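This report refers to the structure that appears directly beneath it.
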Amino acid sequence: MTDPLSDELQAFVFANRGLLLTAPAALLAAFGKPSAFSVAVGLPTALAGELLRCWAVGYSGETTRDDKVTAAKLVTSGPYAYVRNPLYLGNFVTALGFTIAFTGKNSFLARAALAAGALGTMATLYATIVPHEEEYLRERFGEAFDRYCERVPRILPQIDPAPDGEQQWDPNVIGKAESKTFVTFGAMLALLALKSISA
């Protein structure tokens, strides 16, 4: 039996995950000191994270933007055959990329503190959100979800994909489903450019 207070906290964090994830971005924007080298390394990493998100959203659709957990189907195709949470993994890779990009001229200690603050915040949020989502999926899909969990790891992708599901990749949902992410990504690029000019 789950703790109602824990359920409420998880639901709150899930509903406000976008707002809560502005904290890591604000840390980097306020205290980061980018260099040409850090931008050259970090931006491709951030872009790789966003491309992973686009790949995943093409399978999962627009339900990833809801304020409460919902799923019309159990998605097991594409990146979901390698890892159960490709969207969050993509977010983390993007955040890692921007952390690298923003902190090239920071001291080692400042860089470590910014990385710990930004990436630690994300890890804490996802440690709260993922069990909340999985509880819903287990209730919704039962044994099918349990079998999926047995075949596919939660966070770190496996090399060999699980047997692919029946879902097809639909690029048409990406523009709408990822519009907020694209705006956030663009804002981070603009802040990075401003910081690079003033650094």
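The values are calculated or read from the model by the stated rules, or taken from the named source; none is laboratory data. Computed from a prediction, not measured in an experiment: that's the story for all the values here. Quick reminder, even Gly has a Cβ in these numbers, built from the backbone with ideal geometry, and neighbours come from all protein chains shown.
In the stretch 74-84, the count of residues that are surrounded by fewer than 22 Cβ atoms within 10 Å (Cβ to Cβ), among the aromatic types (Phe, Trp, Tyr), modelled with pLDDT of 95 or more and at negative phi is one or more. The set of residues in the stretch 131-165 that are of a type outside the set (Val, Ile, Thr), touching a helix residue (DSSP H, G or I) at 6+ places or on another chain (Cβ under 8 Å) and not in a helix (DSSP H, G or I) comprises ARG154, PRO157, PRO161, ALA162, PRO163, ASP164, GLY165. Given the condition assigned to a loop (DSSP other than H, G, I, E, B) and either surrounded by 19 or more Cβ atoms within 10 Å (Cβ to Cβ) or under 13 Å from the mean Cα position of the chain (by Cα) (or both), answer yes or no: does some residue in the stretch 43-64 qualify? No, every residue in the stretch 43-64 fails to be assigned to a loop (DSSP other than H, G, I, E, B) and either surrounded by 19 or more Cβ atoms within 10 Å (Cβ to Cβ) or under 13 Å from the mean Cα position of the chain (by Cα) (or both).
Yes/no matrix, rows are residues, columns are (1) closer than 23 Å to VAL130 by Cα; (2) of a type in the set (Gly, Ala, Ser):
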residue: GLU143; (1), (2): yes, no
residue: ARG154; (1), (2): yes, no
residue: PRO157; (1), (2): yes, no
residue: ASP160; (1), (2): yes, no
residue: ASP170; (1), (2): no, no
residue: SER198; (1), (2): no, yes
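Restricting attention to the stretch 107-122 and to residues that are surrounded by 15 or more Cβ atoms within 10 Å (Cβ to Cβ) and not polar (S, T, N, Q), the residue that is farthest from ALA46 (Cα to Cα) turns out to be ALA113. From the list THR181, THR128, the lone residue that is in contact with a helix residue (DSSP H, G or I) (Cβ under 9 Å, 6 or more places away or on another chain), in contact (Cβ under 8 Å) with a residue 24 or more places away in the chain and closer than 30 Å to SER35 by Cβ is THR181.
Got at least one residue in the stretch 95-108 being over 21 Å from the mean Cα position of the chain (by Cα) and either in a helix (DSSP H, G or I) or closer than 19 Å to TYR82 by Cα (or both)? Within the stretch 95-108 (the criterion being over 21 Å from the mean Cα position of the chain (by Cα) and either in a helix (DSSP H, G or I) or closer than 19 Å to TYR82 by Cα (or both)), the answer is yes, since at least one residue qualifies. Hey, could you check the stretch 153-199 for residues that are over 30 Å from THR22 (Cβ atoms) and surrounded by 11 or more Cβ atoms within 10 Å (Cβ to Cβ) and say which is modelled with the highest pLDDT? The selected residue is GLN158. Among the residues of the stretch 12-28, those that are without any contact (Cβ under 8 Å) to a residue 60 or more places away in the chain, among the hydrophobic types (A, V, I, L, M, F, W, C) and either outside any helix (DSSP H, G or I) or farther than 17 Å from ALA177 by Cα (or both) comprise PHE12, ALA26. Only one of the numbered conditions (1) buried (at least 18 other Cβ atoms within 10 Å of the Cβ); (2) within 30 Å of GLU139 (Cβ to Cβ); (3) touching a residue at least 40 places away in the same chain (Cβ under 8 Å) is violated by VAL39, and that is (2).
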